[in-house]
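The values are calculated or read from the model by the stated rules, or taken from the named source; none is laboratory data. Bear in mind the structure is a predicted one, so any value in this text is a computation, not a measurement. Cβ placement follows ideal geometry from the backbone for every residue including glycine, while neighbour counts extend to all protein chains displayed.
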Amino acid sequence: MNEYLATALNGWGGVILFGSGLMIPYLFRGASKPGTSYLRRIWPHYWLGYLTFFVSLVHAWLAMRKGIMRGINATGIWIASIALLIMLWQIGIGLMLQVPLQSNRRKLRRIHFWTMTSLAGCIVVHVALNRP
């Protein structure tokens, strides 16, 4: 497969995973199963977050390993690099939110939400600046 195509498909796969993971807490918020906590019900959200980071890292590695990035907007690449760091931050906050007796849950959820918003913005700008 063409390396550029593999990189592009991997990037769009990351976007789809990000959007899917983003929707899960909102879809499962109102749904309740007797005897199942909210934190247990949204386990796919956690795994999609980890998978999104992994796929994004592979996307970056594929693009950089053979110099496919020639002619690409450098600002878009910097924004994508910052987005990877924001994803790590987001995973850290998410791990703290998985603790059932977390005392700062409301504050952490707000930070998690705004981090997600900034990450979504970085993704949109990266795609806009670096699309073919």
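Just wondering, is there one or more residues in the stretch 48-59 that are of a type in the set (S, T, N, Q) and in contact (Cβ under 8 Å) with a residue 24 or more places away in the chain?
yes
Considering only residues that are at pLDDT 90 or above and in contact with a Pro (Cβ under 6 Å, 6 or more places away or on another chain), which ones fall in the stretch 8-60?
Of everything in the stretch 8-60, just one residue is at pLDDT 90 or above and in contact with a Pro (Cβ under 6 Å, 6 or more places away or on another chain), namely H45.
Consider W89 carefully, then state whether it is within 22 Å of W47 (Cα to Cα) and loosely packed, with under 13 Cβ neighbours inside 10 Å.
For W89, the condition - within 22 Å of W47 (Cα to Cα) and loosely packed, with under 13 Cβ neighbours inside 10 Å - is not met.
Please go through the stretch 75-118 and give me each residue that is touching a residue at least 60 places away in the same chain (Cβ under 8 Å) and under 14 Å from the mean Cα position of the chain (by Cα), ordered by number.
Our first condition is that a residue be touching a residue at least 60 places away in the same chain (Cβ under 8 Å); within the stretch 75-118, this holds for 100, 116.
Within the stretch 75-118, M116 is the sole residue that qualifies.
Could you list, in sequence order, all residues of the stretch 112-132 that are farther than 18 Å from N10 by Cα and crowded, with 16+ Cβ neighbours inside 10 Å?
H112, T115, M116
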